[in-house]
């Protein structure tokens, strides 16, 4: 993942449900960065808590599958002009 970004990032949103992606996300997070976990994981994971504290990393969990949450999310994304035409 580091090769994709070239430098550390401010935020990582993990939505895959793949446990290894949490560790990968932490590896590219800058100091004071935020890791948001939204994926549902079937396995437990040990986190490097001491490293997280020293790097001032924040860990947040979010899960909401309600219609209202989905609609609010979609409102944040601009709709391309080509997509507007089929909505009429």
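The values are calculated or read from the model by the stated rules, or taken from the named source; none is laboratory data. Just so we're clear, the structure is a prediction, and the values are computed from it rather than from any experiment. For neighbour counting, all protein chains shown are included, and Cβ atoms are generated from backbone atoms with ideal geometry for every residue, glycine included.
Give the number of residues within segment 1-22 that are modelled with pLDDT of 85 or more, exposed (fewer than 15 other Cβ atoms within 10 Å of the Cβ) and not in a loop (DSSP other than H, G, I, E, B).
4
Is one or more of the residues making up segment 29-48 in a helix (DSSP H, G or I) and out of contact with any helix residue (DSSP H, G or I) (no Cβ under 9 Å at 6 or more places or on another chain)? First the steps, then the outcome.
Residues of segment 29-48 in a helix (DSSP H, G or I): none.
No - not one qualifying residue is present in segment 29-48.
Determine if segment 45-57 includes at least one residue that is within 17 Å of residue 13 (Cβ to Cβ) and modelled with pLDDT under 60.
no
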